[in-house]
Every structure is written in structure tokens, then in C-alpha cells.
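Working notes, beginning with the structure itself.
FYI, it's all coordinate maths here, none of it is from the lab. Note that this is a predicted model, so its numbers are computed, not measured. Cβ: placed from backbone, ideal geometry, glycine included. Neighbour counts: every protein chain shown.
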Amino acid sequence: MSFLDILQSIVPIALFYSAPLIFTALGGVFSERSGVVNIGLEGLMVMGAFVGIVFNLTFADTFGAATPWISVLVAMVVSAVFSLLHAVASVSFRADQVVSGVAINFLALGLGVFLTKQWYGKGQTDMVSQPFYSQNIPLLSDIPILGSIFFEGVYLTSYIAIIFAIIAWFILYKTSFGMRLTSVGQHPMAADTNGINVYAMRYVAVMISGALGGIGGSVFALTIALNFSQSTIVGQGFMSLAAVIFGKWHPLGAMGAALFFGFAQSLSVISSGVPLLEDIPKVYLTIAPYVLTILALAGFIGRSEAPKANNQPYIKGTR
């Protein structure tokens with residue numbers, strides 16, 4: 001197998017697995033740059049996956065080929081509303097943000113599994129009939145060499161995720177909204193003194209996190225899992241959180257880290273076709289992304305400094 005053939009087998013699968021992580025990690029960046037730690041990214045992905053699958057199964061005959069796209073939008077809205085639970089607890093009631101995020105994870109999974117059993121009479125939903133499909137991107141797939149590697153047999157969601165990362169970078173670094181959001185996460189007292197509503201900015205940031213987490217979960221469910229059960233989302237939210245930290249709370253850094261974790265996830269899938277990997281026991285490749293996630297969260301892969309007011313509830317009138 002030539003090097004070009006290896007790239008053709010690796011790149012599309014790595015992008016495929018990276019897309020949900022990129023969306024969710026971007027949500028984590030928005031939340032944490034406002035000063036709200038969001039351990040609940042896993043739960044937000046679970047909620048997005050559940051809503052995306054259920055909507056898809058319910059309205060596949062109504063919307064046809066547009067169903068997966070509409071499913072993602074519905075999942076985005078529902079997850080944004082669901083994230084308000086974390087915002088209310090963390091911002092308004094000044095609860096411990098880590099505990100609130102863990103509660104979100106348990107609540108989303110419990111609610112999703114309970115409703116699945118109630119509506120479908122079993123522990124998992126049926127398989128969707130209108131998922132996302134891989135395709136060749138017109139014109140770009142005709143580019144010599146690069147076209148066959150990056151634009152043949154890919155999912156549009158992968159490139160939409162990359163575009164979202166660029167948009168997130170622009171919003172955070174080139175707009176007044178992004179500057180206000182950053183100031184709230186760094187010096188909330190100073191931001192408040194300058195007329196910025198700290199509570200409102202943090203609410204908006206957490207809801208953006210919920211919306212992007214919902215997109216990530218629904219994209220994962222509609223491209224990879226194709227149904228919903230308690231094991232649909234298993235660790236992807238924590239990988240996304242690790243990508244936020246590994247990427248140093250920068251949207252493009254988080255995207256790069258998510259691509260790295262997506263590549264790690266794809267190793268067990270592509271190993272049989274790659275000479276350097278085919279002799280490695282598959283169990284090692286399967287656990288690789290989780291080991292890397294632990295290392296990133298433990299701070300062993302580079303030093304990261306969080307926003308100064310991260311995980312610090314703001315009380316108006318106090319320093």
C-alpha cells in the first residue's frame with residue numbers, strides 16, 4: 001500500500017470522527033471563556049443525540065432527504081434550552097459548576113434512556129432511515145492528489161465543523177461580543193464596572209455551549225451510531241472537554257485537538273488496512289483516544305492556563 005493510499009484511508013475516517021468533537025469542543029470554549037466550567041458537555045451530546053435520532057425517526061417520511069439537517073437544528077435548540085439548567089445552577093444560584101455539570105451528564109442520560117424505553121419499548125431506538133451519507137464534494141474532489149484524499153467519500157458535516165471553528169475564532173477575537181465574553185471570563189468585576197452584564201453574558205455562553213453540544217451529539221448519532229441507546233455517547237463529551245484544555249481555550253486550538261482525538265478514535269477502524277497498525281492488538285487502538293483524553297485532562301500534554309475567573313461564581317459588588 002502506497003503512502004497516498006494510506007492517506008486516502010485515514011483522512012476521511014479521521015475527519016468523520018472529528019466533526020462531533022469539534023462542534024462540542026467549540027461549545028466548551030464559549031462556556032469556559034465566559035468563566036463557566038462545563039463538565040456537562042457529555043450530557044449535552046447525549047441530549048443532542050437523543051433528540052436528533054427521535055426527530056429523525058418520527059419525521060423521516062415527512063421531510064425526506066432534509067430530515068438529518070432538520071434533526072440537527074432541532075437537537076441544537078433543545079440542547080440549548082437543556083443547558084439552561086446548568087446556567088441557572090451555576091450563574092444564578094452560584095452552585096459548584098463541576099457538580100452541576102456532572103448532574104447534567106446523569107440527567108441527560110437518564111432522561112434519554114427512560115424516554116427511549118417508554119416510547120420504543122426497549123433499551124434502544126430503531127435505526128434511522130435518513131442518516132447523513134458520505135459524498136464527493138463537487139469540483140474539489142477533482143483536484144489532483146488532494147481531491148482524492150480530502151474531498152472524496154467525506155461527510156459535509158466534517159467541513160461544516162471546521163468552518164464553525166473559523167467562525168468561532170472570528171467571533172471571539174474580532175467582534176465586540178467576543179471581547180465582552182472574554183472580559184467576563186477574565187475580570188468579571190472590571191467588565192461589570194464597564195457596563196457589561198456578567199450574568200447575561202454567561203447565560204448566553206452556556207446556551208451557545210448547549211447548542212453546539214447538541215449539534216455535536218446529533219451529528220455523531222446521525223453519522224456514526226445511527227440509533228440511540230445508553231452507549232451511543234460514551235466519552236465523546238469528555239474528549240471534547242479535553243480538546244478545549246489541550247487547545248488552550250482557543251477555538252482553532254480546540255479544533256486541532258479534536259482532529260487529533262478524532263484521528264485516535266479512527267485508529268481501530270482503519271488499522272486492518274494500514275501496514276504499520278495491522279499487527280497492533282485492536283484493544284490498544286480502541287482505548288487509545290481515552291488514554292489520550294486522560295493525559296490531556298491531567299495536564300501532561302502541554303501546559304494550559306484557564307481563563308482567570310473560570311469556575312468562580314460572580315457576586316455583583318464583590319471582587
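What are the lysines whose alpha-carbon lies under 22 Å from the alpha-carbon of K174, with same-chain residues fewer than 8 places away excluded? Straight-distance partners of K174: K248, K308.
Taking amide hydrogens as placed 1.01 Å from N in the peptide plane, the amide H of A309 sits under 5 Å from those of Q186, each at least 5 positions away in sequence or on another chain. Expressed as a fraction of 2.2 N^0.38 Å, the C-alpha radius of gyration for the chain is 1.00. Neighbour counts of other Cβ atoms within 10 Å put I10, I163 in the fewest-to-most order I163, I10. Report the longest stretch of the chain that contains none of the chymotrypsin sites (Phe, Trp or Tyr not before Pro) sitting in a DSSP loop with at most 16 other Cβ atoms within 10 Å. No qualifying site falls inside 134-299, the longest such stretch. Every helix of 4 or more DSSP H residues in the chain counts as -39500 (n - 2.57), and over all residues that averages to -21500 deg cm²/dmol at 222 nm.
For segment 178-189, the Karplus equation 6.51 cos²θ - 1.76 cosθ + 1.60, evaluated at θ = phi - 60°, returns couplings of x, 5, 5, 4, 5, 5, 5, x, 9, 9, x, 5 Hz by residue, with Gly and Pro reported as x.
Of the trypsin sites (Lys or Arg not before Pro) found in segment 75-123, the ones in coil according to DSSP and having at most 11 other Cβ atoms within 10 Å of their Cβ are K122.
How much FRET efficiency would the formula 1/(1 + (r/R0)^6) give for L115 and S2, where r is the Cβ-Cβ distance and R0 is 45 Å, rounded to 0.05? The formula returns an efficiency of 0.35 here. With R₀ fixed at 41 Å, the C-beta to C-beta distance from V283 to K174 puts the FRET efficiency at about 0.35.
Between I167 and L146, the contour length at 0.36 nm per residue exceeds the Cα-Cα span by 5.2 nm. Summarising the label geometry, the points placed 7 Å from Cα in the beta-carbon direction at A200 and M127 lie 5.0 nm from one another. FRET efficiency for the I137 to V102 pair, using the beta carbon distance and R₀ = 51 Å, is estimated at 0.80.
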